[in-house]
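A.B. asks: Structure incoming, see below.
The values are calculated or read from the model by the stated rules, or taken from the named source; none is laboratory data. Just so it is clear, the structure is predicted and the values come from calculations on it, not from any experiment. As a convention, Cβ positions derive from the backbone with ideal geometry for all residues, glycine included, and neighbour counts pool all protein chains shown.
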Amino acid sequence: MAGGVTVVELGGGVASAYCGRLLAGAGADVVTCEPAGGSPLRSSHPLLPDGRSALFEYLGMYKRSAVLADGDLDRIVEMADIVIDEVDVEAGKTPAVVEARLQRFRSRNPRLVAVVCSPFGLTGPYADRRSSDLVDWAMSGYSAITGDPDREPLQAGGPWCAYVNGLTASVGAMAALRTAEHTGQGQLVDVAAMDAMTALHQWSIVLATHQGVRKRRSGNRHAESFHPLGILPCKDGAVCIAVSSPAQWEGFCLALEMPELLDDDRFATGGDRFDNAAELDAIILPWLLERPRREIVERLQECNVPTSPVLDVLSVQDDEQLADRGFWQPLPHLGEDVVAPSLPVRGPIVGQGRSRAPELGEDTETVLADLAPGETSVPSPTPSIAPPPLPLEGVRVVELSIAWAGPLAARFCADLGADVVRVEHPGARGNGLRPDGSPMRAPEGWRWGELPPPAYRAGIFPDADPGERPWNRNGPFNKMQRNKRSLALDLQDESGREVFRRLLAEADILLDNYRPRALDRLGFDFEAVSAINPRIVRISMSGYGSTGPYRDRGSWGPILEAHSGLAATTGYEGGGPVKQGAAFPDGIGGLTGTFALLDALRERDRTGRPVYVNLSQLESYVSIGGEFVIATSASAEPPERRGNRSLALAPQGVYPCRGDDNWVAITVHSDDAWKALAALIENPALADPALHREAERRRRHDAIDAEIAAWTADRDAHEVAELLQEAGVAAGPALSNLEMVADPHLRARNMIVPIDHPDAGRREFPGFPIHLSETPVERFAGAPTLGQHNEAILCDLLGYSGDEYTALLSAGVIADSPPR
């Protein structure tokens with residue numbers, strides 16, 4: 001827990017406020033210092049019937065509010081452990097202004113962790129650019145892959161980039177706090193939304209750097225090589241179905257009572273089903289349209305096919321899984337039925353403060369009373385010649401995970417210096433092809449994970465070449481496993497389990513994202529693990545959490561997105577829900593898991609006792625839409641899908657530009673910005689003085705959009721964005737994945753980095769999105785080959801003899817290549 005930690009929140013934006021909310025939920029005393037007129041968030045949409053901001057009511061939970069004079073602010077920061085600020089160029093808070101203030105604070109408090117959130121970071125060619133939720137989404141490469149292929153790219157239904165920025169900043173804050181508490185050295189933590197979002201791309205970046213392929217929009221279908229994987233209609237709405245493996249395809253056909261599809265050559269592989277999706281839909285849609293979503297979900301889940309209803313933000317509040325886990329926090333001061341998401345994990349994160357958001361300046365007197373006049377409680381650090389170690393140096397993480405969320409959390413730990421031992425079955429790397437073109441499948445090897453590996457028809461190999469050892473050349477896998485060690489171990493074998501027990505005895509953290517029953521059946525529940533190692537941190541990162549009626553359901557990112565209610569917020573005006581172009585909940589779950597791990601590790605160090613963290617990826621994702629939950633529970637009306645438009649600003653949209661599927665995102669923040677835009681376009685239709693008022697621009701939004709689109713259509717998207725930025729208008733190109741890997745700003749901030757691999761060669765991957773001034777993450781070792789560290793782990797760490805090691809290798813308990 002972050003108990004005993006004082007946090008001063010200065011930002012005034014969603015990113016800094018969500019970072020503060022997470023720290024407050026972990027037990028920190030978070031004081032949000034507001035100007036006399038209140039935080040800008042207090043007037044942010046969506047608004048409640050009484051005029052309060054649902055956004056502020058959500059992000060202000062568990063905090064105190066104070067209105068302080070400059071001298072008092074300096075004094076409280078001198079006593080603080082963490083200060084959080086946020087760049088807002090529109091409000092004059094440029095990177096230079098914010099950094100200067102934070103560096104002044106650091107000079108007075110050397111142990112201070114100074115966190116700054118921003119759209120583009122404190123450095124780089126875009127640092128001083130204006131932005132918005134829409135522009136952040138576009139420049140992070142997500143607009144280009146979200147929406148229908150024959151329509152304009154789509155923004156997310158909410159300020160997801162800002163939430164990711166704040167969530168990533170919370171990881172940086174906890175990592176830097178660990179360094180400060182161990183060494184006395186504070187530091188500046190620089191987190192940009194563009195960096196954070198780039199780090200969460202599923203395989204867009206890898207497609208570009210490994211094969212030069214541009215990822216496109218695909219509506220509600222999967223964009224690459226699976227079907228059905230996406231949102232499909234049913235009798236009473238829609239469901240999301242994820243068939244991504246041979247076993248899931250078999251289960252799908254059996255659930256629909258259509259076993260004949262298994263013998264149909266048109267649908268033999270995931271690639272075949274993708275190519276013949278229209279023919280397959282013609283067969284399965286009548287079955288779906290005859291049945292309600294509850295029946296469909298239950299039948300498919302019984303056959304081990306990840307499936308969920310597509311809920312909206314109102315109906316998700318009646319979900320039995322979330323209710324069983326006590327996820328909803330009542331907010332009676334806002335109304336009898338008003339609720340908000342509580343906290344996304346069960347474990348040390350407990351939320352010590354009051355659940356409601358504070359009134360403006362409600363705690364000013366108590367905050368001032370806490371200050372000792374003229375004194376500073378923070379001692380200066382002991383001078384050191386050597387730089388401090390990385391925050392997690394000396395920490396060992398044992399990772400049992402698949403797909404994305406678990407590997408991402410473990411990768412963050414590895415990047416931060418932890419010794420991450422990835423334990424994988426010898427047959428687990430089946431997501432590729434053998435040199436002869438036959439799928440690599442080892443279903444029996446996945447009994448302890450209960451998820452057969454997907455069989456890509458081509459994989460994402462360097463230059464589309466599987467090579468002689470394709471299991472070591474898959475780009476998406478290698479992206480997730482950098483800086484780790486690999487132990488290829490069969491846990492079905494008792495000898496393998498004994499190796500695992502000895503490994504746990506040497507570990508600080510055990511991380512997994514399997515369904516809860518998987519490790520329980522192997523004898524590694526929390527009770528057993530803590531008996532082996534009474535100081536271990538155990539984190540379970542399953543889709544639905546380790547308790548509740550859905551605990552053992554299968555899930556993928558699109559499944560959780562549909563279930564969360566947030567998929568229903570994204571879509572074209574007047575149309576249906578549209579899934580994100582990447583499995584966004586996985587990234588959110590991985591980041592939340594990293595934050596929870598750092599918090600739990602601090603609690604373990606404080607008490608010396610084992611800690612269990614029960615994380616639900618579903619709850620982690622719902623938590624980035626808390627304002628919609630509050631507003632919807634207050635009004636009993638779910639939010640309408642609004643395409644690329646804003647609840648508060650007009651005009652805003654994504655407009656066509658010259659070239660193949662090129663677009664620019666534009667947000668007009670003010671009347672002055674509108675005048676600048678109209679002056680650039682030089683169209684008499686936009687010269688009407690009535691349009692100097694936002695309300696009139698909103699009323700005539702369609703006509704304005706048409707004029708802007710006509711102006712941008714024959715111009716380059718990058719040139720339009722630069723022209724508008726120079727005029728004071730927030731704008732940015734909707735970057736494709738190919739443009740992202742060449743982007744000068746991402747490269748200047750080390751967000752596209754080359755990594756060497758013995759089998760895959762040198763390829764570029766996303767970098768580390770948290771820029772730590774004193775403990776920078778600069779080491780990027782290639783992903784381990786399968787079983788690369790078997791001998792080092794067993795013999796050097798665990799004390800196995802050479803003969804014992806050879807016997808395990810001969811028996812297939814450990815391996816360095818998949819079983820044939």
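A.B. asks: For region 661-725, which fully contained helices (runs of 4 or more DSSP H) count at least 3 residues that are in contact with a Gly (Cβ under 9 Å, 6 or more places away or on another chain)?
C.D. replies: On the way: elements: 671-681, 694-699, 701-712.
In region 661-725, 671-681, 701-712 are the helices (runs of 4 or more DSSP H) which contain 3 or more residues that are in contact with a Gly (Cβ under 9 Å, 6 or more places away or on another chain).
A.B. asks: So which residues in region 231-255 are within 18 Å of THR269 (Cα to Cα) and assigned to a strand (DSSP E or B), if there are any at all?
C.D. replies: ILE241, ALA242
A.B. asks: Have a look at VAL116, VAL83, VAL77 and point out the one that is in a helix (DSSP H, G or I) and either on the phi > 0 side of the Ramachandran plot or among the β-branched types (Val, Ile, Thr) (or both).
C.D. replies: Going through VAL116, VAL83, VAL77 in turn, just one is in a helix (DSSP H, G or I) and either on the phi > 0 side of the Ramachandran plot or among the β-branched types (Val, Ile, Thr) (or both): VAL77.
A.B. asks: Let me ask you something else. What single numbered condition from (1) in contact (Cβ under 8 Å) with a residue 60 or more places away in the chain; (2) in a helix (DSSP H, G or I); (3) more than 19 Å from ASP133 (Cβ to Cβ) fails to hold for GLY625?
C.D. replies: (3)
A.B. asks: A further question on this structure: If a residue must be under 30 Å from PRO577 (Cβ atoms) and either of a type in the set (Gly, Ala, Ser) or surrounded by fewer than 23 Cβ atoms within 10 Å (Cβ to Cβ) (or both), how many such residues does region 158-189 contain?
C.D. replies: 5
A.B. asks: Shifting gears a bit: Within region 762-773, can one find any residue that is surrounded by fewer than 21 Cβ atoms within 10 Å (Cβ to Cβ), farther than 28 Å from PRO149 by Cβ, not assigned by TED's automatic domain parsing to the domain that holds ARG502 and not hydroxyl-bearing (Ser, Thr, Tyr)?
C.D. replies: For region 762-773, residues surrounded by fewer than 21 Cβ atoms within 10 Å (Cβ to Cβ), farther than 28 Å from PRO149 by Cβ, not assigned by TED's automatic domain parsing to the domain that holds ARG502 and not hydroxyl-bearing (Ser, Thr, Tyr): present.
A.B. asks: Restricting to region 280-312, what's the tally of residues that are of a type in the set (Gly, Ala, Ser) and more than 15 Å from LEU229 (Cβ to Cβ)?
C.D. replies: 1
A.B. asks: Within region 408-426, track down each residue that is hydrophobic (A, V, I, L, M, F, W, C) and either outside the structural domain of PHE524 (by TED's automatic domain parsing) or in a loop (DSSP other than H, G, I, E, B) (or both).
C.D. replies: LEU416, ALA418 - these are the residues of region 408-426 that are hydrophobic (A, V, I, L, M, F, W, C) and either outside the structural domain of PHE524 (by TED's automatic domain parsing) or in a loop (DSSP other than H, G, I, E, B) (or both).
A.B. asks: For region 57-71, indicate whether the set of residues that are of a type in the set (Phe, Trp, Tyr), part of a helix (DSSP H, G or I), over 20 Å from ASP195 (Cβ atoms) and within 22 Å of the chain's Cα centre (by Cα) is non-empty.
C.D. replies: Yes.
A.B. asks: Moving on. Are there strands (runs of 3 or more DSSP E) fully within region 473-558 with at least 2 residues that are among the basic types (Lys, Arg), touching a helix residue (DSSP H, G or I) at 6+ places or on another chain (Cβ under 6 Å) and under 30 Å from ASP463 (Cβ atoms)? List them. I'd like the intermediate steps shown before the answer.
C.D. replies: Working: elements: 484-488, 509-512, 537-542.
Correct list: empty, since no element meets the threshold.
A.B. asks: Restricting attention to region 625-642, does a residue exist that is in contact with a His (Cβ under 9 Å, 6 or more places away or on another chain), acidic (Asp, Glu) and closer than 30 Å to GLY575 by Cβ?
C.D. replies: Yes.
A.B. asks: Yes or no: region 215-230 includes at least one residue that is in a strand (DSSP E or B) and surrounded by fewer than 24 Cβ atoms within 10 Å (Cβ to Cβ). Outline the logic, then answer.
C.D. replies: Pass one, region 215-230, residues in a strand (DSSP E or B): 229-230.
Now drop any that are not surrounded by fewer than 24 Cβ atoms within 10 Å (Cβ to Cβ), which leaves 230.
The answer is yes, given that some residue of region 215-230 is in a strand (DSSP E or B) and surrounded by fewer than 24 Cβ atoms within 10 Å (Cβ to Cβ).
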